[in-house]
Amino acid sequence: ASWMLLSGNEDALDPIVDAIHDMVDELHEFDAGAMREVTLSLVLMALGDSLMGGPLSQSLALPRASARDTAERMLFEAALHAGKPVEE
């Protein structure tokens, strides 16, 4: 994604963005507004983690899976607040 943006090939991201949008729309049983906000946060966290998660977690003396664990908690909490049962 970073390379596409830096090289001016932003249109190449459209299928990814569209797929994420469609997935959130399919989760209509959840609060759409809340799920959109959580999705934005999770995708941005995943992109940041893919770019510098290893070196940053190492420099902070945290396990490599820390960001993933945080993302999982965010998703779990969002589902709980939406009033839906969550499978663990």
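Note the full-extension length gain between Met4 and Thr70 as 0.36 nm times their separation in residues minus their Cα-Cα distance, in nm to one decimal.
Separation in residues times 0.36 nm, less the Cα-Cα distance, equals 21.1 nm.
I'd like the Karplus ³J(HN,Hα) series for segment 2-19: coefficients 6.51, -1.76, 1.60, θ = phi - 60°, whole numbers in Hz, and an x wherever there's a Gly or Pro.
3J(HN,Hα) across segment 2-19, in whole Hz: 5, 5, 4, 5, 5, 8, x, 9, 5, 4, 5, 7, 3, x, 5, 4, 5, 5.
Roll a 1.4 Å probe over the protein heavy atoms and report the accessible area of Glu72 in Å², nearest 10.
120
Among (i) 17.9, 47; (ii) 17.8, 77; (iii) 15.2, 43, find the value of Rg and Dmax of the Cα atoms in Å that was calculated from the structure presented, and write down its label.
Of the listed options (i) 17.9, 47; (ii) 17.8, 77; (iii) 15.2, 43, (iii) comes from this structure.
Express the relative contact order of the chain as a whole percentage, based on alpha carbon pairs under 8 Å and six or more residues apart in sequence.
23
With the full set of protein chains in place, find how many percent of the accessible area of the chain is carbon and sulfur; take the probe as 1.4 Å.
61
Please calculate how many Å² of accessible area the chain carries per residue, with a 1.4 Å probe and no DNA, RNA or ligand atoms counted.
On a per-residue basis, 77 Å².
Quick one: among Ser59, Ser50, Ser41, which has the greatest mean-square fluctuation in a GNM of the chain with alpha-carbon springs under 10 angstrom?
Ser59
The values are calculated or read from the model by the stated rules, or taken from the named source; none is laboratory data. As the structure is a prediction and not an experimental result, all values here were calculated from the model. Quick note on the areas: whole protein, heavy atoms, side chains included, nothing else; ligands and nucleic acids left out. Shrake-Rupley method; radii C 1.70, N 1.55, O 1.52, S 1.80 Å.
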